Amino acid sequence: MSFYDDASLALIPSGVKAGTVYSAKPVPSYGAELVTNGDFATDSDWTKGTGWTISGGKANANTSGNYINLYQLGVFTVGKTYSYSFTITDHTQGGIRFTEAGNDISGEKTSTGVYAGTFTAIATSLYMQGLNSFIGSIDNVSVKEVLIGSGDFTFTRASEATRLVDGVVTKVRTN
């Protein structure tokens with residue numbers, strides 16, 4: 001007699017995220033690039049605060065003070081989730097943060113490197129905000145809508161569960 005001769009129930013590992021049942025972890029999917037001239041190939045498409053210039057394929061800052069902005073209006077749609085990234089190069093002092101109309105998304109970054117994350121928009125405009133007299137350059141500013149997220153599932157562990165013991169469903173309590 002084989003295993004398949006008796007009635008059986010096959011369980012496929014699955015999870016539910018955002019109202020969709022998955023039998024395998026979904027592959028992330030992103031929309032089109034939403035930042036215009038995020039590679040700073042030309043001196044266009046960005047509004048520059050005092051101390052910001054665009055040249056050499058970078059946005060260059062030599063700012064004095066806090067909240068000195070380089071920005072684009074109307075990039076986000078409120079309520080949608082986005083993935084962002086940017087690169088800091090040639091850092092000398094101060095910091096920069098990725099914000100949406102003043103709402104801090106990335107936190108202040110104070111060294112060269114590539115920074116990335118996700119957020120759900122509560123405003124529509126993208127700001128690269130110089131802080132503490134930021135002197136440095138940024139490049140490769142990117143924003144894409146998240147169409148299918150990372151697929152990481154979250155769950156809350158219950159204090160009680162059921163399990164099958166000798167063919168009988170048994171309630172189990174753990175502390």
Response to the item:
Of all strands (runs of 3 or more DSSP E) fully inside segment 28-74, the set with 1 or more residues that are over 22 Å from Ile122 (Cα atoms) is 52-55, 58-62
Practice prompt. Enumerate the pairs (first residue in segment 62-74 and closer than 16 Å to Asp43 by Cα; second residue anywhere and among the basic types (Lys, Arg)) with beta-carbon separation below 6 Å, excluding pairs fewer than 6 apart on the same chain, so at least 6 apart or on different chains.
Written response: Leu70/Lys48
Discussion item. Of the conditions (1) surrounded by 12 or more Cβ atoms within 10 Å (Cβ to Cβ); (2) at pLDDT 95 or above; (3) more than 15 Å from the chain's Cα centre (by Cα), Tyr115 satisfies every one except a single condition; which number is it?
Written reply: (3)
Response to the item:
Scanning segment 33-48 residue by residue, those in contact with a strand residue (DSSP E or B) (Cβ under 7 Å, 6 or more places away or on another chain) and open to solvent by 40 Å² or more (accessible area, probe 1.4 Å) turn out to be Glu33, Leu34, Thr36, Asp39, Asp43, Asp45, Thr47, Lys48
Item to complete: Looking only at segment 67-85, count how many residues are open to solvent by 70 Å² or more (accessible area, probe 1.4 Å) and either within 14 Å of Ser137 (Cα to Cα) or modelled with pLDDT under 95 (or both).
Response: 1
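To keep it simple, each residue is scored yes or no on (1) among the small types (Gly, Ala, Ser); (2) in contact (Cβ under 8 Å) with a residue 40 or more places away in the chain; (3) closer than 19 Å to Asn62 by Cα.
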{"site": "Ser85", "(1), (2), (3)": "yes, yes, no"}
{"site": "Glu108", "(1), (2), (3)": "no, no, yes"}
{"site": "Ser111", "(1), (2), (3)": "yes, no, yes"}
{"site": "Met128", "(1), (2), (3)": "no, yes, yes"}
{"site": "Asn132", "(1), (2), (3)": "no, yes, yes"}
Discussion item. For the list (1) among the acidic types (Asp, Glu); (2) within 25 Å of Ser44 (Cβ to Cβ); (3) surrounded by fewer than 20 Cβ atoms within 10 Å (Cβ to Cβ), I need the number of the one condition that Glu108 fails.
Written reply: (2)
Worksheet item: Quick one: how many residues across segment 88-104 are charged (D, E, K, R) and surrounded by fewer than 19 Cβ atoms within 10 Å (Cβ to Cβ)?
Response: 2
Worksheet item: Which ones in segment 78-91 are hydrophobic (A, V, I, L, M, F, W, C) and in a loop (DSSP other than H, G, I, E, B)?
Response: Val78
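The values are calculated or read from the model by the stated rules, or taken from the named source; none is laboratory data. These figures come from a predicted structure and were not determined experimentally. FYI the Cβ positions are ideal-geometry reconstructions off the backbone, even for glycines, and counts take in every protein chain you see. Accessible surface is based on the protein model in full, side chains and every heavy atom, while ligands, DNA and RNA are left aside. Shrake-Rupley method; radii C 1.70, N 1.55, O 1.52, S 1.80 Å.
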